[in-house]
Amino acid sequence: MPDGSKLGHGPGVEVLTAKEYKSGVKPTWCPGCGDFGVLSSTSKALAALQLQRHEVVVVSGIGCSSRTPYFMRTYGFHSVHGRAVPIATGMKLANPDLTILVMGGDGDLMSIGAGHFPPAAARNVDITCVMMDNQTYGLTKAQSSPTSSIGHKSKSTPYGVVAKPIDPVLFALANGATFVARGYSAQPNELTELIAQGIRHSGFSFIHVQSPCAEFFNTYDYYDQQVENLPPDWDAHDLKAAIEMALTEEKVHLGVFYEEERLVYSSAVRQFEPEPKQFDLAEYLKRFS
């Protein structure tokens, strides 16, 4: 069941449109960037859920997609490279009532930040992680990324990539994420629903978004031909089937691969210390001096 704190309905609560979740800062992305579609879908999802802006925090690392907090009229935290997930974890532990979105790219989340992903998924931290995947490092001008295909030629791999690419959906499933989905930035209505479902889900939600880079690695034509919805009778509660689909899919499937209910981290750890205690920083530092 969804966490009641994530639903902003109630007497005296301001009704917001999607536009009102966007800041006045003009996005600096290149024309045609898939991240525009993700930004729009995120605003629409928040509006559909009617989450109040002061209840939402958008956390990011470094990269084109990690500029998202500037373009959202919510609380935001533009952190250092690869550290969005642990920062979001700390925020959720400090204030479980917050709705926290981690917005990042394939480089930020699957490379330098990849070590932080498995613990958050295994602990079932109640955050929604949206990964914009363009298979390239767009901000630093087109090096290969952890999701670049074998043979992909770039400034950092002029003879072609030789490393097997990470499959983000398989990575999330293998590490215990309790909500795993994939969307496409060129299908914003469907992506809006996936993001809303991820936010409503209590636990670690991961949404892999194919979000092409129109400037350095334009894959729109490819994904327009390759994307396909999961079968209508797909059982999103079958982990084995989800893993097999991620391993064997010839098409790029969109939709919810997997969902399960499990105790969330912030609730689990509060069982150890039900009552909050005043933190004495000076006393704490003395222990290590």
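Couple of notes before you dig in:
- Checklist (1) in contact with a Pro (Cβ under 9 Å, 6 or more places away or on another chain); (2) touching a residue at least 12 places away in the same chain (Cβ under 8 Å) applied to residue 222, failing item: (2)
- Of all residues making up the stretch 60-71, the number that are without any contact (Cβ under 8 Å) to a residue 60 or more places away in the chain and surrounded by 23 or more Cβ atoms within 10 Å (Cβ to Cβ): 5
- The residues in the stretch 86-107 that are over 19 Å from residue 181 (Cβ atoms), touching a residue at least 12 places away in the same chain (Cβ under 8 Å) and either out of contact with any helix residue (DSSP H, G or I) (no Cβ under 7 Å at 6 or more places or on another chain) or crowded, with 24+ Cβ neighbours inside 10 Å (or both) can be counted, and the count is 4.
- Residues that are within 19 Å of the chain's Cα centre (by Cα) and basic (Lys, Arg), drawn from the stretch 23-51: 44
- Residues in the stretch 89-115 that are within 11 Å of the chain's Cα centre (by Cα) and closer than 30 Å to residue 275 by Cβ: 3 in all.
- Scanning the stretch 205-228 for residues that are part of a strand (DSSP E or B) and either more than 19 Å from residue 169 (Cβ to Cβ) or within 20 Å of the chain's Cα centre (by Cα) (or both) yields a total of 9.
Each reported figure results from applying straightforward, stated rules to the coordinates on display, with no laboratory input. As the structure is a prediction and not an experimental result, all values here were calculated from the model. Positions of Cβ are backbone-derived with ideal geometry, glycine not excepted, and every protein chain shown enters the neighbour counts.
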